1. Quick one: 3J(HN,Hα) in Hz for region 409-422, Karplus 6.51/-1.76/1.60 with θ = phi - 60°, rounded, Gly and Pro as x.
2. Report, for the chain, the % of DSSP beta bridges that are antiparallel, rounded to 5.
3. Would you be so kind as to identify which of Ile258, Ala242, Val473 lies farthest towards the positive end of the dipole of region 176-496, taking Lys and Arg as +1 and Asp and Glu as -1 on Cβ and the Cα centre as origin?
4. Compute the helix-to-body angle for 222-235: its Cα long axis versus the longest principal axis of the chain, expressed 0 to 90° and rounded to tens.
5. Give the angle, between 0 and 90 degrees and rounded to the nearest 10, that separates the Cα long axis of helix 21-40 from the longest principal axis of the Cα atoms of the chain.
6. Quote the charge dipole size of the chain about the Cα centre in Debye, to the nearest 20; the model charges only the Cβ of Lys and Arg (+1) and of Asp and Glu (-1).
7. Which order results if Lys419, Lys97 are arranged by neighbouring Cβ count within 10 Å, fewest first?
8. Can you flag which of Lys54/Lys97; Lys428/Lys457; Lys5/Lys219 are past 23 Å Cα-Cα?
Amino acid sequence: MEIYKTAEVWFVTGSQHLYGPKTLAQVAKDSEAIVDGLNKAGLPIKIVYKPTVKTSGEIMDVCVAANSNPNCIGIITWMHTFSPAKMWIGGLKVLSKPMLHLHTQFNRDIPWSEIDMDFMNLNQSAHGDREFGHIVSRMRKNVKVIAGYWEDKQVQARMSVWMRVIAAWADSQDMKIARFGDNMRNVAVTDGDKVEAELRFGYHVDYYPIGDLVAYIEKVTEEEIKAMVAAYEAEYDVAPNAAEGGKDRVSLIESARIEVALRKFLKERNIKAFTTNFEALREVHQLPGLASQRLMAEGYGFGAEGDWKTAALLRQMKVMAYGLEGGTSFMEDYTYHLDPECTSILQSHMLEICPSVASKKPSLQIHPLGIGGKADPARLIFSAPAGAGIAATVVDMGNRFRMIVNTVDVIEPLADLPKLPVACALWKPQPDFQTSTEGWILAGGTHHTSFSMAITKEYLEDFAALADIELVVIDEKATISDLKKELRFNDVYYMLNKANQY
């Protein structure tokens, strides 16, 4: 993704003039060494060293510069010495970029036999960072705090999580979401306040009549179709009825035509996520399931039946997961296996599951679709591998957005599914089926989710904090009693808090 090539995070060290030029020179030298070391550690975003800030004016200047620099997507702050926090008030008031407070020190160990007051005056992070943390807390600034030695792998791993989250946040600030057709029927949970979403997250949601896409479909050339079909045949196991000379070959060709057109449409408008509606296809001869699957695999967000909130969340999770092992996909709770020995949920959808979560090479098949009244569509069929995952959703609660996250354990299907012509995943939700499903329903969760085996709940916890939205986590520690209390407390908080200020 382009953002990982251009983005940078600024490293800002705080101090003051109290210590004299020799100490300040060492502060700068140590800060540069930390930046160099972190960059060599392979973090996903480049870190840029900034000169030590020692006055309120210097702090204001670096915060304003960070705000106005399009490549800067966040800042890391560290107090090598004591940095009086009143100096930071003005800069923090104007800072609009995400902030990570790294609570570390340059040296790992105390030099027991050599430590003196010069060393103590230089290495004051233990209380300098507490002073800084106080003003950040008092100003109610959203901040990620990571404590530990900067060369420690766990510290660097947590910094990587934060970097991926702020990359997704930066990506969201200009995210365009295309809705082909409106929210389907009278479904409540897939709709929501699009104006509030733009205020809160930065992205905007545009409606496009399906005729706009049809105009692109009509201009697709035979050469473009042949190239797309060749890609299908190279990447997937094509079923006999879809292969050259097969009885449903025409459906595969039509899928290719739709995908070529949809790609052009999205690319020309810099659209990062989209939704479809199988009741609003008109001159589109089949639901674009295969195109949706393949575009998701390349990082696009997708939501079925007009579900733009899921499309947006999926894109954000795709950005977070970029380059990591494990896939990320649109998903839906479909049906249950209620055997007490292995109570689990079969996840699927009509067509649109991302092949990034496939356990092996997908099979490209063509089957009838029982709803929508259109031609038989092509689709990729596979199942997800066993492993840890998360399922997440964002719902509109009227006075705020709520993100719900459930940790899950994906398991292998308990038997073959020879008559199920769609991709699927089978998982056991944590902490157990009853607690998970009851908690999800009590929290108002959707039937659609954004699912990932590449990222963990920490990513979404950081993102929810950054967006200043409600977060409800259902994991191995969850109980219904605690969830009910949390939901009631959250209602009170969001009634009293100035939740609609930006």
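What follows is calculated from the coordinates using simple rules that are stated; it is not laboratory data. From a predicted model like this one, the values you see are computed outputs, not experimental measurements. Counting neighbours? That spans all protein chains shown, and the Cβs are built from the backbone with ideal geometry, glycine included.
1. 10, 6, 10, 5, x, 6, 7, 5, 10, x, 10, 9, x, 9
2. 45 percent
3. Ile258
4. Helix 222-235 sits at roughly 70 degrees to that axis.
5. 20 degrees
6. In debye, rounded to 20, the chain gives about 1140.
7. Listing Lys419, Lys97 from fewest to most nearby Cβ atoms yields Lys419, Lys97.
8. As for pairs spanning more than 23 Å Cα to Cα, those are Lys5/Lys219.
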